[in-house]
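Let me begin by presenting the structure, written as structure tokens, before commenting on it.
The values are calculated or read from the model by the stated rules, or taken from the named source; none is laboratory data. Keep in mind the model is a prediction, meaning the values are calculated, not measured. Heads up, the Cβs are rebuilt from the backbone with ideal geometry, glycines too, and the neighbour counts pull from every protein chain shown.
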């Protein structure tokens, strides 16, 4: 057994299951951001109708790679990807190649080279566009570099594919509301539809209400804020995020005494001092009759998004998107 195959047997079970679950990749029209894409493999024999297999036109595999057929072009990993014919002819080598890309991406993450993480996961998503995994990791990578718009788009692609997880939905909402400017009506509708999709999943009632509050604040929808905070008050009355959203509603409605009480309650529940200071700044702005919502969205949603991300890490459950 070669050293590469021996290393393959030492892979984690989760990585092996990921690759085994990947079906034959096909191009998804318009799904990926502009990039060179899979390279067609041709030879004089195949062009003339012969049966000779076309050679791999990309780089030779490095010694460290699991794949002995498909090398990685590190300057632009998307430039050379096995096409559908190569994938179907060499499914195991294709699986090795995907794991090699993931290995490269995670090494870059460890070195805090986040642009490199993006480029390797773009290649994974393009190589296997019909599975959620690559898009989900790409969404996470875009979040690392602060590209909220592309990150939200990648998570949207993950949600529409087999293997989507709860975290894809959470990150999609977080990144969408973190984008600059107001949400268009179509965006609000899309976000609410994504949240509605979670209804019926086990143990996600609090997540649904938290996501709904995030969208309501960003959309400046007081009625929706009242509805989601009422749900949170029933489901998680002592959660700091519940108190923060109730506080932001009180600020918007001009209920300063109630907001002051909720600010004290947030402090009791352990909201970090930096966020408490931002909240006090919003309260001052409201007393001066300055529009408070921009500050609420900037200060409060940051706290709630971080808290929600931590909550889902503790209780995340993967589920298939139907």
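Within segment 122-162, the set of residues being crowded, with 24+ Cβ neighbours inside 10 Å, more than 10 Å from the chain's Cα centre (by Cα) and over 29 Å from residue 91 (Cβ atoms) is empty. Residue 69 satisfies every condition listed in (1) assigned to a loop (DSSP other than H, G, I, E, B); (2) at pLDDT 95 or above; (3) in contact with a helix residue (DSSP H, G or I) (Cβ under 6 Å, 6 or more places away or on another chain); (4) within 23 Å of residue 163 (Cβ to Cβ) except (4). Pairs linking a residue in segment 213-226 that is on the phi < 0 side of the Ramachandran plot to a residue that is surrounded by 17 or more Cβ atoms within 10 Å (Cβ to Cβ) and part of a loop (DSSP other than H, G, I, E, B), with Cβ atoms under 6 Å and 6 or more positions apart or on different chains, are 218/183; 219/183.
Would you point out the residue of segment 130-146, among those that are outside any helix (DSSP H, G or I) and touching a helix residue (DSSP H, G or I) at 6+ places or on another chain (Cβ under 8 Å), that is modelled with the highest pLDDT? Step through it out loud before you land on a result.
Going through segment 130-146, the residues outside any helix (DSSP H, G or I) turn out to be 130-131, 145-146.
From what's left, touching a helix residue (DSSP H, G or I) at 6+ places or on another chain (Cβ under 8 Å): 131, 145.
Working: 131: 93, 145: 97.
Once the filter is applied, the top-ranked residue is 145.
Per-residue answers, yes or no, for (1) in the same structural domain as residue 149 (by TED's automatic domain parsing); (2) under 23 Å from the mean Cα position of the chain (by Cα); (3) buried (at least 23 other Cβ atoms within 10 Å of the Cβ):
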site	(1), (2), (3)
170	no, yes, yes
187	no, yes, no
194	no, yes, no
212	no, yes, yes
241	no, yes, yes
248	no, no, yes
255	no, no, no
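Based on what the data block shows, is residue 160 out of contact with any strand residue (DSSP E or B) (no Cβ under 8 Å at 6 or more places or on another chain) and in the same structural domain as residue 135 (by TED's automatic domain parsing)? Considered against the rule, which asks whether it is out of contact with any strand residue (DSSP E or B) (no Cβ under 8 Å at 6 or more places or on another chain) and in the same structural domain as residue 135 (by TED's automatic domain parsing), residue 160 comes out as yes. None of 165, 136 is in contact with a strand residue (DSSP E or B) (Cβ under 7 Å, 6 or more places away or on another chain) and free of Cβ contacts under 8 Å to residues at least 60 places away in the same chain except 136. Restricting attention to segment 74-93, the residues that are free of Cβ contacts under 8 Å to residues at least 40 places away in the same chain, buried (at least 18 other Cβ atoms within 10 Å of the Cβ) and assigned to a helix (DSSP H, G or I) total 1.
Looking across segment 95-117 at every residue that is free of Cβ contacts under 8 Å to residues at least 40 places away in the same chain, buried (at least 19 other Cβ atoms within 10 Å of the Cβ) and in contact with a helix residue (DSSP H, G or I) (Cβ under 6 Å, 6 or more places away or on another chain), the one that is nearest to residue 138 (Cα to Cα) is identified as 117.
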